[in-house]
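Read through the structure below, which is laid out as structure tokens, and then see the notes.
The values are calculated or read from the model by the stated rules, or taken from the named source; none is laboratory data. Since we're looking at a predicted model, the values are computed, not measured. Every residue, glycine as well, gets a Cβ built from its backbone with ideal geometry; the counts of neighbours run over all protein chains shown.
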Amino acid sequence: MPVYTTFKDYFTTRSPSKGESSVFKDYYAASGRKKLIVKMEATHAAIENKNDRFYLPSRMAEGVISFRTGSHKPTKVLKHHDAYSDPVGKVVQAQFVPTIPDDLQGNPEIETLMSVTASVPDQLKAMRTLKRFGVLDREDWKGLGYIDLVTEISDETTVKQLEDGLFDAVSTNFSSPGEIYCSICGRNIVKDDWCEHEPGELYYADGKNSDSDIKFVCQWIPAKHDYKEVSFVVFDADQLTVVEILDSEKKDDKKIIYLSEDSKRNLKSADLTFQFKDSVEEGLMKIKINGKEVSLSDAEQKLFSQIKKMYSDEMKDEDAYALMIKTSKLIASKQFIADKKASGIEDEKSTVYAIEACANEDKEIKAEEISDGIRKELKAMQKEELLNEEDFKTADAKFSKESIAKLPDSVFCGPDKTFPVPDSAHAIAAKRFLDSYSGKGNKVSILAQIDTKQKAFGKGVVKNIPAKDPELSKKDGLDSLSDSELQDTYHKVEKALIERKLVLKRECSECATHLADAKKTEEKLEVVLKDKEQSDNIVNVLRSELKRAYSDYEKQVDEYVKVGAELYTAKLDKVALVSVLTNKYDSLDIAKTELKDSDLDAKATAILESFDLTAITDKLNDGMAKNPKGSVSDPTANNDKDNKQHSVGLSRPAEEAILNIKDCLKDGDISGARRIYDTMKALEMFPDEITFESLSADSKKPAE
């Protein structure tokens, strides 16, 4: 199966502080610029990337030309690799900048990696040598070069997003048509298909293991760099490169728009910089959207796969891709980032909430169902003794239809006056209900608002802590503990629970789900193992049969070879004899020697075509030949007493067959007569002048 791989390189920026952002806004407004020039130190070569890719500097240098920088169709700058939306800018300059350390100038391995004429196998050996000697693991190692890009951003929204620090990564997208190599065995996996080595796993190079050798991480190495586009994205990566924002009117005159502390340490002069991070993630996944092939990065694949997992039975790829783009934009929004931080929700859950928010934005919201769900959680809290009877009645009274209608707008945390949170108890109940809610609204935003109200309410009437939300489990005195003391207390409680074989009153729904999934997986594994055992038995039987069949085949081949040799010897003797009789050769020995290595069938055909047995008989009987002594019988005569010659040259069996045919005809058994005639004719026992019609006519003549 052919392999087509798209490589995407990510560089993440540090968000600016309020002060830095303010300086930037003032400069941008005062300059009146309508576009932003962004300079990037992009992909680095000869660095062991975290996603198990290694870029050869010479190949990268050759690929820079694929960045189009002229006035005719320059390479575009996109957002989220979305080729269906308008570009936000263009690439105006691209070059490869070598960065060979001074102490490695003239090093033969470095020269091999930098050489445009060196073969990929030679460059692989050079890379391994540098790895063996620890060069690639040096703390100061920055690779052997990078791609320097200058881009012109003209989209006002994107400029504003850059200004506010909403985008935290840039991605360059390239493919390596026809040439992607495994660093372990050197196989071109595009042309020669997959090898057995897995990226990220450790192997001995070329499968060789010696005491002095080391294992190498399997990496994919593209030998071509065909760059497609550059995109602003929102996924994180490692810090390595520098991006400079330049004045669009005077590109050579750098302006200080905002300057990070890292930049101050790294730059000799006061140049404007953003600090970006470099990894090199690869998008292996390609999907067709509206008939056009679209490649996804690793991070996009994760988001796309999460969407397909959540809606696999009902969502097409086109809809999943559109939802992925919409979700990416939501995740990158300033409000979402702020709400996520305020709610303290983890990344994985916030991503699920973002997907649900985008997928359910057109759903009809049902306020009564939400209120009923929160009320059920209040009842559950009462059963778990988190609320006493009096406090539950007080809280529940606020959730009648009449009471909810009288609540002020500020009490509601969800869209269209939903998720009412009039007190601390309702805040906890609303958070407990939120996971099971599947309607319209951004759960991250709802959760952030509930948290804000809960902090304002204080502890309220809640006597215990719901296991669903450990942050709400603080009792009197816990707030005074330091982080380390709180952690120590938690571990002691956990240990005590284990020793007493106790569990929490309310089981963790997430753990229960995982346990259920694990049980299902074990059941599936058991079925698979049984199938495997049965398959192994079948394979063993088939192997035994195959061995037996192969043994029989070997015997047949040996017999065939033996018979073939005997047949060849007999044929050689006969052809040699005939060739001597026709004066082709003087003796049998000479004839056999000459005919042995020739095309015997062709020789035999040529010799036998000119062979006249009667003429040879006459020649042998003319008294002129020396051998054989005596006379030679006519080979056409038949002197066998049981096979006497017929008057017209018929043998005794032929005469008897004629008599049988005539008897059948007299008895009216025409089919029997015809069968005997056809048999004798097939054996060439009847000459051409004897026909079935002539025999039929003879049978009708009266006997003499």
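Under the condition of being surrounded by fewer than 19 Cβ atoms within 10 Å (Cβ to Cβ), in a helix (DSSP H, G or I) and polar (S, T, N, Q), the residues counted in region 116-132 number 1. Note on region 37-93: among residues that are over 29 Å from Cys182 (Cα atoms) and β-branched (Val, Ile, Thr), the one that is farthest from the chain's Cα centre (by Cα) is Ile37.
Within the option set Lys50, Lys90, Lys76, being in contact (Cβ under 8 Å) with a residue 12 or more places away in the chain and surrounded by fewer than 17 Cβ atoms within 10 Å (Cβ to Cβ) holds for one residue only, Lys50.
Taken over region 145-179, residues that are part of a helix (DSSP H, G or I) and out of contact with any strand residue (DSSP E or B) (no Cβ under 6 Å at 6 or more places or on another chain) amount to 8.
Yes or no: region 179-198 includes at least one residue that is farther than 23 Å from Glu48 by Cβ and polar (S, T, N, Q). No, the conditions are met nowhere in region 179-198.
The set of residues from region 402-431 being part of a helix (DSSP H, G or I) and closer than 15 Å to Gly373 by Cβ comprises Ile404, Ala425, His426, Ala427, Ile428, Ala429, Ala430, Lys431.
Residue-by-condition table, conditions (1) among the hydroxyl-bearing types (Ser, Thr, Tyr); (2) at pLDDT 70 or above; (3) outside the structural domain of Glu377 (by TED's automatic domain parsing):
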| position | (1), (2), (3) |
| --- | --- |
| Thr452 | yes, yes, no |
| Gly477 | no, no, no |
| Leu486 | no, yes, no |
| His491 | no, no, no |
| Ser535 | yes, yes, yes |
| Val539 | no, yes, yes |
| Lys547 | no, yes, yes |
| Asp552 | no, yes, yes |
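Just one residue in the set Leu166, Leu202, Leu130 is modelled with pLDDT under 85 and among the aliphatic types (A, V, I, L, M); that residue is Leu166. Could you tell me whether Asp211 is over 32 Å from the mean Cα position of the chain (by Cα), at pLDDT below 85 and of a type in the set (Asp, Glu)? In short, yes.
Taken together, the residues in region 53-68 that are outside any helix (DSSP H, G or I) and surrounded by fewer than 18 Cβ atoms within 10 Å (Cβ to Cβ) amount to 1. If you go through region 343-397 and pick out every residue that is modelled with pLDDT of 85 or more and at positive phi, you end up with 0. Among the criteria (1) buried (at least 17 other Cβ atoms within 10 Å of the Cβ); (2) part of a strand (DSSP E or B), the one Glu109 does not fulfil is (2).
Only one of Thr513, Thr569, Thr521 is under 30 Å from Ile590 (Cβ atoms), surrounded by 10 or more Cβ atoms within 10 Å (Cβ to Cβ) and either at pLDDT below 80 or hydroxyl-bearing (Ser, Thr, Tyr) (or both). Can you tell me which?
Values: Thr513 fails: under 30 Å from Ile590 (Cβ atoms); Thr521 fails: under 30 Å from Ile590 (Cβ atoms).
Unique residue meeting the criteria: Thr569.
Return yes when Ile147 is buried (at least 21 other Cβ atoms within 10 Å of the Cβ), more than 17 Å from Asp52 (Cβ to Cβ), at pLDDT below 70 and over 27 Å from the mean Cα position of the chain (by Cα) and no when it is not. Here the answer is no, as Ile147 does not meet what is asked. When Glu499 is tested against (1) at pLDDT 70 or above; (2) farther than 30 Å from Ala429 by Cα, exactly one condition is not met: (1). State whether one or more residues within region 339-356 are under 24 Å from Lys455 (Cβ atoms), assigned by TED's automatic domain parsing to the domain that holds Leu447, buried (at least 18 other Cβ atoms within 10 Å of the Cβ) and within 48 Å of the chain's Cα centre (by Cα). Taking every residue of region 339-356 in turn, none turns out to be under 24 Å from Lys455 (Cβ atoms), assigned by TED's automatic domain parsing to the domain that holds Leu447, buried (at least 18 other Cβ atoms within 10 Å of the Cβ) and within 48 Å of the chain's Cα centre (by Cα). In region 559-586, the residues that are part of a helix (DSSP H, G or I) reach residues that are aromatic (Phe, Trp, Tyr) and surrounded by 10 or more Cβ atoms within 10 Å (Cβ to Cβ) with C-beta atoms within less than 7 angstrom, at least six apart or across chains, in these pairs: Val578/Phe611; Ser579/Tyr585. Residue count for region 133-144 under the criterion of being part of a helix (DSSP H, G or I) and among the acidic types (Asp, Glu): the result is 1. Residue count for region 131-170 satisfying the condition of being in contact with an Asp or Glu (Cβ under 6 Å, 6 or more places away or on another chain) and under 24 Å from Leu296 (Cβ atoms): 0.
Suppose the filter is outside any loop (DSSP other than H, G, I, E, B), over 17 Å from Cys413 (Cα atoms) and more than 36 Å from the chain's Cα centre (by Cα); does Ala322 pass it? The answer is no for Ala322.
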